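Notes to accompany the following structure.
The values are calculated or read from the model by the stated rules, or taken from the named source; none is laboratory data. Everything numeric in this text was worked out from a predicted model, so none of it was measured. So basically every Cβ, Gly included, is an ideal-geometry build from the backbone, and we count neighbours across all protein chains shown. The accessibility values were calculated without ligands, DNA or RNA, using every heavy atom of the protein model including side chains. Shrake-Rupley method; radii C 1.70, N 1.55, O 1.52, S 1.80 Å.
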Amino acid sequence: MMAARTHCINLIPKVCLPQSRTGESVTNLRFDCVSNSSKLSLKTSCGRHHRRQNLSIRSVFTGIVEEMGEVKNLGMADHGGFDLKIGARVVLEDVKLGDSIAVNGTCLTVTEFNEEEFTVGLAPETLRKTSLEELKKGSPVNLERALQPVSRMGGHVVQGHVDGTGVIESMEVEGDSLWVKVKADKGLLKYIVPKGFVAVDGTSLTVVDVFDEESCFNFMMVAYTQQKVVIPTKSIGQKVNLEVDIMGKYVERLLTSGGFSLNRAEEKK
């Protein structure tokens, strides 16, 4: 079954934490899904409310993971939002403030960095819609810098806009390859086709089969890929970020909005 859309995020804020009987800091942060017409807010034990941040797509990626980073810290920052600090090497070679880096397929903006790590901010909506809520200190994450006009296109066009999450249903070894089956919401599964593209935790992968009855799809990773991405480190039942090929959504939009007519296309011949 897919996880409910209301989650309790156990991230440790830096300020205003009550103490438990054992003397440890306690937090009770909840990101509640409400109707689209309502405002989304973040409540902390301090009683503060933080407005939903507007998310926009400014960059594209290839889905070819450059390196696996490591979560160094995550939690509430002094400015009232959530920060995620990641240790890395390759993606820091030419990083600048404001650059976009895909973290497990989620496009995030660099707010601080040094030679060994960088920080990105996490909006409440990002935590609601992605698997980043399951991260903890020491977790490995897929990292990819935004595509530049001169870059070689190794995967497919990935926006870093996570459409939703799936759940790992099974992982089976065949030779030195790994079969992975993922359960997805039917609203996403309709865009996933055999031999088509899908980004799983930001990794561009080729779909092998789609199982409509089970609301699942599968893919296979060769030994090299297994060593370069985080998917094999996860367990059955864990979430993965999913981004479907945007071409399918464009086609659906044209056909359902009246923007394309087969009759008009025939008349122009």
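For residue 166, state whether it is of a type outside the set (A, V, I, L, M), part of a strand (DSSP E or B) and modelled with pLDDT under 95. Taking the combined requirement at face value, the residue does not satisfy it. Any residue at all in the range 176-184 that's of a type outside the set (D, E, K, R), touching a residue at least 12 places away in the same chain (Cβ under 8 Å), buried (at least 20 other Cβ atoms within 10 Å of the Cβ) and touching a helix residue (DSSP H, G or I) at 6+ places or on another chain (Cβ under 9 Å)? For the range 176-184, residues of a type outside the set (D, E, K, R), touching a residue at least 12 places away in the same chain (Cβ under 8 Å), buried (at least 20 other Cβ atoms within 10 Å of the Cβ) and touching a helix residue (DSSP H, G or I) at 6+ places or on another chain (Cβ under 9 Å): present.
Going by the structure shown, is residue 96 over 18 Å from residue 198 (Cα atoms) and either open to solvent by less than 10 Å² (accessible area, probe 1.4 Å) or not in a strand (DSSP E or B) (or both)? Criteria met by residue 96.
Among the residues of the range 59-76, none qualifies, meaning not one is charged (D, E, K, R), out of contact with any Asp or Glu (no Cβ under 6 Å at 6 or more places or on another chain), in a strand (DSSP E or B) and crowded, with 19+ Cβ neighbours inside 10 Å. Residues that are under 19 Å from residue 158 (Cα atoms) and of a type in the set (A, V, I, L, M) within the range 209-252 comprise 221, 229, 230, 231, 240, 242, 244, 246, 247, 251, listed in sequence order.
Filter the range 212-254 for residues that are polar (S, T, N, Q) and closer than 18 Å to residue 163 by Cα; which is surrounded by the most Cβ atoms within 10 Å (Cβ to Cβ)?
241
Any chance the range 107-127 includes a residue that's modelled with pLDDT of 95 or more, of a type in the set (Gly, Ala, Ser), surrounded by 15 or more Cβ atoms within 10 Å (Cβ to Cβ) and in contact with a Leu (Cβ under 8 Å, 6 or more places away or on another chain)? Looking through the range 107-127, none of the residues is modelled with pLDDT of 95 or more, of a type in the set (Gly, Ala, Ser), surrounded by 15 or more Cβ atoms within 10 Å (Cβ to Cβ) and in contact with a Leu (Cβ under 8 Å, 6 or more places away or on another chain).
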